[in-house]
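Read-outs throughout are calculated quantities, based only on the coordinates presented, and are distinct from any laboratory measurement. This one's a predicted model, so the numbers in the text were calculated from it and none came from an experiment. Note that each Cβ is placed from the backbone with ideal geometry, even for glycine, and that neighbours are counted across all protein chains shown.
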Amino acid sequence: MCDIHLSDEERAQELTGPVAFVDELVVALTNARIYAETHPRLKLAIDGLHAGLGRLLEAYPGPSVQIGTADGFVVFQSRPLLGASMSAGRLVSLLEQLGSGGLTLGAHTTREDLTAFIEFAARGTKGIESPATANLALEQAGCRHVRFLEPYSEAAGGRGSFADRVEHAIGDRLGPTVELADDTELLNTLNLQVPARLYQNVVGVLQDAMVQSCKGDHIDTNPALGYVENVLKLIGQDTTSLMRLARYEKYDEFTFGHSIRVCFIALNFARHLTDDRQLIERIGLAALMHDIGKAWVPFEVLHSQKRLDDDERREMNMHPVHGGQILLDGGNPDPLAVAVAFSHHQNPDGTGYPNAIRAARPSGATMIVKMADVYEALTAVRPYKPSMSPTRAYRIMMDMQGHFDPSLLRRFIEVNGIYPVGSRVELSTGESARVTGQTDSPLAPIVQTERAASGERLFEEDIEILDLREVFGRNKITVAKHLRDAELAA
């Protein structure tokens, strides 16, 4: 089984397209909450945003570009950007609070325009209740070429046609043709809106925690625990949709996506090991916060795209110590979360880091998070590597002698599956399908067909739920290969 990776065309789209620009916008907005306008880090973020806008204008020539929002998703040229929407919850909330349908950025937008806009957005919208008053404030701040749009309307071809646009862009890829009253019903039917909103909220919690940590403020993990409870509830109701978001491959600037995916994977694993719901939720919180110490690692080290030298490696290896300290300093710290943050790079054989005065075997919760952490790191995209197939990741983990408890690792592979829930696969029949469950045979999951061998989307009456364990021997239907979730990177 080969690794899943981006094609050259897809990689170029990510570097120059609207997804890349929205990602740069999120980075700049987050940095503006941490640093003063004159700080080099914020200046660098603004430079990246300005360069991203230039690339977007080259790819889509015109007098301006418009980034819209509707029903919690970021939209560009009638297409919802599902992947970019996951980390853009604060931007979406800003636009919703103003009653705005999005942003328009002129072809002559300057770095100064973007700085004024980012500073305005970072301050919040208190006392500003409409796109018109927001635009007046932008103009007074010296921002000439960025403006808030009025909300979508039937007359403007907005909400009345958004359902059609979403059906074309999402439904054509994910499921059967459906006749629905409006876009909200459509997105709920496709089981994307609720998990996407929840994902955005969790990103917001992590953004707040990182901002507080960088400023030296005490963090409050209670909001995070509340969202972990909601995640666990949703996993129980609709594992496929949520774990599908956990497979989103895009690398994000602040590694929030990594922590969230580790949380999803750890929660899904823990609920197969115990019925103690409170313990499962605490494991989920620990997983979500396991890398909070990276807020204190120098940016250049954390995001280095080259091999770290000895000094940089020592800086990086301090993040578990930082994480334990950040959580200890917070209000009402959970000892389990503190222990996981401190010890998730320690191994059962006593190796790993940080070096403790007296070696202790990592707890079961730590080992659960450690497995989810390593698995996610291997299978996700990084600036220096493509994603890796689950099968290859498992082989590497099994070869990491002394790093994992062998029996627990075997159970992790059984629960997660050779073909994880939420992943897309091509069957030996040529059809494509979505994995919806595991069986006692790791090579024979339960799948729901999505497309015919010809590539055509299946109609609802033609969709089948197949237990490949049952049809494995009779009709010889097997999984031929993994398929990349291209729709999330669109």
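Database remark: amide H of THR69 closer than 5 angstrom to the amide H of VAL75, GLY102 (H placed geometrically; neighbours at sequence offset of 5 or more, or on other chains; Pro and chain starts carry no H). Residue by residue, region 56-68 carries 3J(HN,Hα) couplings of 5, 5, 5, 6, 10, x, x, x, 6, 10, 10, 10, x Hz when phi is fed to the Karplus relation 6.51 cos²θ - 1.76 cosθ + 1.60 (θ = phi - 60°); x denotes Gly or Pro. Here the Karplus curve 6.51 cos²θ - 1.76 cosθ + 1.60, taken at θ = phi - 60°, turns the phi angles of region 262-275 into couplings of 4, 4, 4, 5, 5, 4, 4, 6, 4, 6, 8, 9, 8, 9 Hz, with x standing for Gly and Pro.
When peptides 441-448, 19-26 are ranked by their average number of other Cβ atoms within 10 Å per residue, the highest-first order is 19-26, 441-448. One compactness figure for region 86-145 is 1.07, namely its Cα radius of gyration divided by 2.2 N^0.38 Å.
Close amide H contacts of ILE219 (hydrogens built in the peptide plane, cut-off under 5 Å, sequence separation of 5 or more or a different chain): GLY330, GLY331. Per-peptide packing, taken as the mean over residues of other Cβ atoms within 10 Å, places 32-42, 263-273 in the sequence 263-273, 32-42 from highest down.
Just subtract the alpha-carbon distance of GLU300 and ASN230 from 0.36 nm times their residue separation and send over the number in nm, one decimal.
Values: separation 70, 0.36 × 70 = 25.20 nm, distance 3.46 nm.
Extra length from GLU300 to ASN230 when fully extended: 21.7 nm.
Near the amide H of ALA480, within less than 5 Å, lie the amide hydrogens of GLU426, LEU427, SER428, all on another chain or at least 5 residues away, with H placed in the peptide plane. The slack in the chain from ARG392 to ASP309, taken as 0.36 nm per residue of separation less the alpha-carbon distance, amounts to 27.1 nm. Dipole of region 11-91 (Lys/Arg Cβ +1, Asp/Glu Cβ -1, origin at the Cα centre): which of VAL19, SER87, PHE76 lies farthest to the positive side? Result: SER87. If a/c stays under 1.5 just call it rounded; otherwise compare a/b with b/c (prolate if a/b is bigger, oblate if not). Do that for region 8-151, with a ≥ b ≥ c from the square roots of the Cα gyration tensor eigenvalues. In terms of gyration-tensor shape, rounded.
Once you have the Cα-Cα distance between ALA59 and GLU129, take 0.36 nm times their residue separation minus that, and quote the gain in nm to one decimal. Kindly include the intermediate steps, with their values, before the conclusion.
Values: separation 70, 0.36 × 70 = 25.20 nm, distance 3.35 nm.
Fully extending the segment from ALA59 to GLU129 adds 21.9 nm.
If you build the convex hull over the alpha carbons only and average its shadow over all orientations, what do you get for region 193-416? Give it in nm² to one decimal. Before the final figure, lay out the partial values.
Details: hull surface 47.1 nm².
For region 193-416, the mean projected area of the Cα convex hull comes to 11.8 nm².
The phi-based Karplus calculation (6.51 cos²θ - 1.76 cosθ + 1.60; θ = phi - 60°) puts the 3J(HN,Hα) values of region 314-320 at 5, 4, 4, 6, 7, 5, x Hz, whole numbers, x for Gly and Pro. Among HIS322, PRO298, LEU273, whose Cα lies farthest out toward the positive end of the dipole of region 193-416, if unit charges sit on the beta carbon of Lys, Arg (+1) and Asp, Glu (-1)? With unit charges placed on the Cβ atoms, the residue in question is LEU273.
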